[in-house]
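Quick notes on the structure that follows.
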Amino acid sequence: MESNPHKYPRKIIHIDMDAFYASIEQRDNPEYRGKPIVVGGSPEGRGGVVATASYEARKFGIKSAMPSKKALQLCPHVLFIRPRFDAYKEASQKIRAIFHRYTDLIEPLSLDEAFLDVTEDKLQIGSAIDIARQIKQAIKDELNLTASAGISVNKFVAKIASDIDKPDGLTFIGPSRIEQFMQELPVEKFFGVGRVTADKMRKMGLHTGADLKKLSQDELTRHFGKAGRFFFNIVRGIDNREVQPHRETKSIGAEDTFAYDLTEPEEMFAALERIALILFDRLQRHNMYGRTVTVKIKYHDFKLRTRSQSFPATVTDIVMITETAKQLLVATGTEDKKIRLLGITVSNFGEVPVKQEKEDASGQLKLF
Amino acid sequence: MKFIVSSSALLKQLQQISGVINANTVLPILEDFLFEIEKNKLTVVATDLETVMRVQMDVEANENGRVCIPAKILIDSLKNIPDQPLSFNIDKNFAVELTSDNGKYKVMGENPDNFPKEPVADDTTSFTIISSALVTGINKTLFAVSTDDLRPAMTGVYFELDEKYIQFVSTDAHRLVRYKRTDVACPRKDAFIVPKKPLNILKSALPLNSDELTISYNSNHLFVKHGSTQMSCRLIDARFPDYKVVIPADNPYKLTVNRSDFQSALRRISVFSNKSTNQVVLNIQGSELNLAAQDVDFSFEGNERMKCQYDGEDLAIAFNARFLIEMLNAADSGEINVELSTATKAGILKPVEVDENEELLMLVMPLMLNN
């Protein structure tokens, strides 16, 4: 990240599909068009959550990840639709095929979002703005869906740009505008700034990129550790992270619904151990290990809770996953709780250290 | 500002803390020592933003003041100046002039206000430890610390505190060392991970004697005080692996060998081992220990045989010879016990004789045998 290996500025496009799941449902079911719809769990009993809300539903304040019950309160005539993931995956693949006409440097972030490096595009169009326009048009013509595009010289700015003019937007932030743009950006929009860091920054009187920019690298490092250097660069519009193809999976998980509600911590722990085994098997098959372990708990009243913990490095051993899951469960309180479902998810994947693989090949056994 | 100091005394102090300074740093001021004079006391500080070290000494000074002086050029010059009182003259623009019997030397200093502030030692917990206990704790564990930045928790030594003892633990995922001192009482159960670099500096700066050190820590930093010498460093903000679960509770077979004989044999044999694995196969039958190494690519082969005491089933197990050699180094005992179970389970090394207030346990994972 320190040195820019590129001789010239890169051209990065971030494509973000607009209300992806909901748009597909509205496309395939004419009766849903123009109506507030929510793709996700039903609000009745089953503790469902909103996966995607159509733009009509968003007007009522309905957002992703909101409990479906709350969505119903906000908009009593909202329609709940069960997700059809096969349809979304199919659409996602078609969109990806469109991307591939222009470049092979594609980093999908999920089914509906991807980074493209079009510094050298296959069709030699040359202009990233034209490419983005053509991609949007192709998505509209061939899939009857709309996407928003952000274009800039790095991933960070491109991603923020795509969010500026949603839906069906196209925003270009060129090198000359980056610095000013970053200055006006609120701190919580910065990559890696979660709630806790944002709170800390606000307490320090840091509200925008401009405030961050006043600090020296040395000061940022003192307050935010290694992330400080990232912030130092990013407020100056420097982000040399590459677009990395082949990073499709965002999370891998396993869960189990129980025949009867679990009430004893021992039973819950045993269940988590079982689930961790299944999960670990999947992680190994994908050869993917993540930094974040999330526990999902569904209670007898179908209330759903998730708790997660992130580690600075990928978690590669099952004991750590199991123990983390148990601790997270304990943190939610297990007394007087009836648990119907438990799940563990690992996300935040990094590459598995190459060195480790080598050592495994050499036959050196590991403790962790 | 002007002060006079013994050249050799100053050099000695500077060398204690110069290890903190990185050769290629981003901020030029980090290549400097901060000199602070207050009431005839000179304090010198070095930092790399993660680790800060300060030493203090008496000088003759006409006034209080501060200046940053480039470290490398200062040390290089002091090394070559015969022992004598050296006078430092610093002007308003932070130009530093050294005057010795041999001549005058000039170097541009920097504004001390730009020198990074030290972490504040607030909300700390403190305890005392004798210097040799800390130095031994570092010496016995530092070698097994991981260099894998992707797993930061293992790139430092884990300090595990208890009201009755202190434990130093390190691991690189292939081996693990735990050194316990029961002659140290900590205020409460607690734990933190100290990065490698400050420990390396501490072990060379601290004496191996019974001087009392004060250790203070909070959630972010560790502070170690030895007389007027002080070090602080940022702690590694990560969770140390739950190492206790990987320590085998009961390895049934026990091999006892002379430590230095075993180590010498491993050193000789490993010359002939495959350089990427350093694999040495231990074949234990009755009271005989066979060591074998080979490198098929170059047709190298080495075999040795030594006497041992062994209580267990015949066993062939392979280890990385370098791991064993380093561990045997850390176990200063005439004889060593190696507790084993199967060819794919961790082996445990323990010195046979230890002081009553010490405990050393070393764990090493084998290499897979391909047959």
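The values are calculated or read from the model by the stated rules, or taken from the named source; none is laboratory data. The shown structure was predicted, so the numbers you read here are calculated from the model rather than taken from an experiment. We place every Cβ from the backbone using ideal geometry, glycine too, and count neighbours over all the protein chains shown. Please note that ligands, DNA and RNA were not included when accessible areas were found on the heavy atoms of the full protein model with its side chains. Shrake-Rupley method; radii C 1.70, N 1.55, O 1.52, S 1.80 Å.
Just grab the label-to-label distance for A:LYS303 and A:TYR260, each label 7 Å out from Cα along the Cβ direction, in nm (one decimal).
2.3
I want the antiparallel fraction of DSSP beta bridges within the protein assembly as shown, as a percent rounded to 5. Each step should come with its number before you reach the end.
Values: 160 of 166 bridges.
In the protein assembly as shown, approximately 95 percent of DSSP beta bridges are antiparallel ones.
By its C-alpha gyration tensor, with a ≥ b ≥ c as the square roots of the eigenvalues, how is region B:2-114 shaped: rounded for a/c under 1.5, else prolate for a/b larger than b/c, else oblate?
Values: a/c = 1.43, a/b = 1.32, b/c = 1.08.
Cα axes put region B:2-114 in the rounded bin.
Rounded to the nearest percent, how much of the accessible area of region B:60-146 (1.4 Å probe, protein heavy atoms only) is carbon and sulfur? Walk me through the numbers before you get to the answer.
On the way: 2120 of 4380 Å².
Taking all protein chains in place, region B:60-146 shows 48 percent carbon and sulfur surface.
Where the only charges are on Cβ atoms (+1 Lys, Arg; -1 Asp, Glu), what is the dipole of region B:247-364 about its Cα centre, to the nearest 20 debye? Don't skip to the end; give the middle numbers.
Numbers: 10 positive and 19 negative charges, 94 e Å.
Approximately 440 debye in magnitude.
Net charge around A:ARG84, counting only other residues with Cβ within less than 9 Å of its Cβ (Lys, Arg = +1; Asp, Glu = -1)? Show your work: numbers first, answer last.
Working: positive: A:ARG82; negative: A:GLU25, A:ASP28, A:ASP86.
Once all neighbours under 9 Å are counted, the net charge is -2.
Amide H of B:ILE247 versus every other amide H placed in the peptide plane: which residues, excluding those fewer than 5 positions away on the same chain, fall under 5 Å?
Here nothing satisfies the definition.
I'd like the carbon and sulfur percentage of the solvent accessible area for chain A, probe radius 1.4 Å, heavy atoms only, ligands and nucleic acids excluded. Kindly include the intermediate steps, with their values, before the conclusion.
Details: 9370 of 18250 Å².
Result for chain A: 51 percent of the exposed heavy-atom area is carbon or sulfur.
What list of ³J(HN,Hα) values in whole Hz, one per residue of region A:80-86 in order, does the Karplus curve 6.51 cos²θ - 1.76 cosθ + 1.60 (θ = phi - 60°) give from phi, with Gly and Pro shown as x?
9, 10, 5, x, 10, 4, 4
Can you give the log10 of the normalised intensity I(q)/I(0) at q = 0.07 Å⁻¹, computed with Debye over equal Cα scatterers of chain B?
Listed by q, the Debye log ratios stand at -0.42.
Nearest 20 debye, what's the magnitude of the dipole of chain B about its Cα centre given +1 on Lys and Arg Cβ and -1 on Asp and Glu Cβ? Could you put the intermediate results ahead of the total?
On the way: 38 positive and 50 negative charges, 71 e Å.
Charge dipole, chain B, about its Cα centre: 340 debye, nearest 20.
Using just the helices of the protein assembly as shown, give the 222 nm mean residue ellipticity in deg cm²/dmol: DSSP H runs with n ≥ 4 each add -39,500 (n - 2.57), and the total is spread over all residues, rounded to 500.
Details: 20 runs with 211 residues, N = 739.
Dividing the helical sum by the residues of the protein assembly as shown leaves -8500 deg cm²/dmol.
Given contacts defined as C-alpha pairs under 8 Å and at least six residues apart, what's the relative contact order of region B:98-226, whole-number percent? All intermediate terms of the calculation are to be shown ahead of the outcome.
Working: 232 pairs, mean separation 37.2, N = 129.
Here the relative contact order equals 29 percent.
How many partner chain Cβ atoms sit within 10 Å of a residue's Cβ in peptide B:270-279, on average, as a whole number?
Working: counts 0, 0, 0, 0, 1, 0, 5, 5, 2, 3.
So the per-residue partner count for this stretch is 2.
Compare the peptides A:69-82, B:31-44 by average per-residue count of other Cβ atoms within 10 angstrom and give them in order, highest first.
Working: A:69-82: 16.6, B:31-44: 19.0.
The peptides rank, most packed first, as B:31-44, A:69-82.
For A:THR208, which sequence-distant residues (separation of 5 or more, or a different chain) have an amide H within less than 5 Å of its own amide H, given hydrogens modelled in the peptide plane?
Placed amide hydrogens put A:VAL187 under 5 Å from A:THR208.
Which value, in Å³ per residue, describes the convex hull spanned by the Cα atoms of chain A? Intermediate values should be presented prior to the final figure.
On the way: hull volume 64.9 nm³, N = 368.
About 176 Å³ per residue, rounded to a whole number.
Could you order peptides B:192-202, B:66-76 by the average number of other Cβ atoms within 10 Å of their residues, highest first? Could the numbers behind the result be given before it?
Numbers: B:192-202: 21.4, B:66-76: 18.5.
Per-residue Cβ counts within 10 Å, averaged per peptide and sorted highest first, yield B:192-202, B:66-76.
Within region A:212-233, what residues put their amide N at less than 13 Å from the label point 7 Å along the Cα-to-Cβ vector of B:VAL26?
A:215-233
What is the packing order of peptides A:107-115, A:208-216, taking the mean over residues of other C-beta atoms within 10 Å and listing the highest first?
On the way: A:107-115: 19.9, A:208-216: 17.4.
Packing proxy ranking, top to bottom: A:107-115, A:208-216.
Quick one: putting +1 on the C-beta of Lys and Arg, -1 on the C-beta of Asp and Glu, what dipole do you get for region B:2-114 around its Cα centre, in Debye to the nearest 20? List each step's numbers first, then the result.
Working: 11 positive and 16 negative charges, 33 e Å.
Dipole size: approximately 160 debye.
If I model a spin label as a point 7 Å beyond the Cα along the Cα-Cβ vector, how far apart are those points for B:MET108 and A:SER110 in nm?
Here the answer is 5.3 nm between the modelled labels.
Shape call for region A:178-234 from the C-alpha gyration tensor, a ≥ b ≥ c root eigenvalues: rounded (a/c under 1.5), prolate (a/b greater than b/c) or oblate? Provide the component values of the computation, followed by the final result.
Working: a/c = 1.44, a/b = 1.11, b/c = 1.30.
Rounded, because the longest to shortest axis ratio a/c is under 1.5.
Counting residues in region A:8-173 as N, plug N into 2.2 N^0.38 Å and put the Cα Rg over that result. Don't jump to the answer; show the numbers that get you there.
Details: Rg = 16.7 Å, N = 166, 2.2 N^0.38 = 15.3 Å.
Against the compact-globule rule of thumb, the ratio is 1.09.
To check my understanding: the extent here is largest minus smallest coordinate of the Cα atoms along each principal axis. What are those three numbers for the protein assembly as shown, in Å, largest first?
Here the spans come out as 91, 78, 59 Å, largest first.
What is chain A's relative contact order, in percent, from Cα pairs under 8 angstrom and six or more apart in sequence? All intermediate terms of the calculation are to be shown ahead of the outcome.
Details: 654 pairs, mean separation 54.2, N = 368.
Taking the mean separation of contacting Cα pairs over the length of chain A, I get 15 percent.
If you take the beta carbon distance between A:GLU184 and B:ASP237 as r and set R0 to 25 Å, what does 1/(1 + (r/R0)^6) give as a FRET efficiency, to the nearest 0.05?
Values: r = 31 Å, r/R0 = 1.23.
Efficiency, from the Cβ-Cβ distance: 0.20.
Taking 0.36 nm per intervening residue step and subtracting the Cα-Cα distance, what contour gain separates B:ILE73 from B:LYS275 on full extension? Could the numbers behind the result be given before it?
Details: separation 202, 0.36 × 202 = 72.72 nm, distance 4.02 nm.
Result for the pair: 68.7 nm of gain on full extension.
Applying the Karplus parametrisation 6.51 cos²θ - 1.76 cosθ + 1.60 with θ = phi - 60° to the phi angles of region B:127-138, what ³J(HN,Hα) value in whole Hz is obtained for each residue in order, glycine and proline being reported as x?
7, 10, 8, 7, 3, 5, 5, 5, 4, 5, x, 5
If amide hydrogens are placed 1.01 Å from N in the peptide plane, which non-local residues have theirs closer than 5 Å to the one on B:ALA318?
B:LEU282, B:LEU367
Between B:GLU97 and B:ASN329, with labels modelled 7 Å along Cα→Cβ, what's the label distance in nm to one decimal, could you check?
4.9
Using R₀ = 30 Å, calculate the FRET efficiency as 1/(1 + (r/R₀)^6) where r is the Cβ-Cβ separation of B:ALA121 and B:ASN200; round to 0.05. Display every interim value, and only then the final one.
Working: r = 22 Å, r/R0 = 0.73.
For R0 = 30 Å, the calculated efficiency reads 0.85.
Among residues other than B:LYS41 whose Cβ falls under 14 Å from its Cβ, what is the net charge (Lys/Arg +1, Asp/Glu -1)?
Numbers: positive: B:LYS39, B:ARG54, B:ARG66; negative: B:GLU36, B:GLU38, B:ASP58, B:GLU60, B:GLU63.
My count for the surroundings of B:LYS41 gives -2.
Explain nothing, just compute: Karplus ³J(HN,Hα) = 6.51 cos²θ - 1.76 cosθ + 1.60, θ = phi - 60°, for every residue of region B:111-122 in order, whole Hz, x for Gly and Pro.
4, x, 5, 8, 6, x, 6, 7, x, 7, 8, 9
Among A:PRO67, A:PRO312, A:PRO175, which one moves the most in a GNM of chain A with springs linking Cα atoms closer than 10 Å?
Ranking A:PRO67, A:PRO312, A:PRO175 by mean-square fluctuation puts A:PRO312 first.
Could you grab the Rg to Rh ratio for region A:251-361? Cα atoms only, Kirkwood for Rh. Present the calculation step by step, with values, prior to reporting the outcome.
Numbers: Rg = 14.4 Å, Rh = 14.2 Å.
We get a ratio of 1.01 for region A:251-361.
What's the total accessible area buried between chains B and A, using a 1.4 Å probe, rounded to the nearest 100 Å²? The partial results should precede the final answer.
Values: alone 18110 and 19600 Å², together 35110 Å².
For B against A, buried area totals roughly 2600 Å².
Would you calculate the convex hull of the Cα atoms in region B:247-364 and tell me its volume per residue in Å³? Mind showing how you got there, number by number?
Details: hull volume 11.4 nm³, N = 118.
Normalising the Cα hull of region B:247-364 by residue number yields 97 Å³.
Skip the ligands, DNA and RNA, and give the accessible area per residue of the protein assembly as shown with a 1.4 Å probe, whole Å².
Values: 35110 Å² over 739 residues.
Per residue, the protein assembly as shown has an accessible area of 48 Å².
How much FRET efficiency would the formula 1/(1 + (r/R0)^6) give for B:THR214 and B:SER6, where r is the Cβ-Cβ distance and R0 is 25 Å, rounded to 0.05?
Using R0 = 25 Å, I get an efficiency of 0.35.
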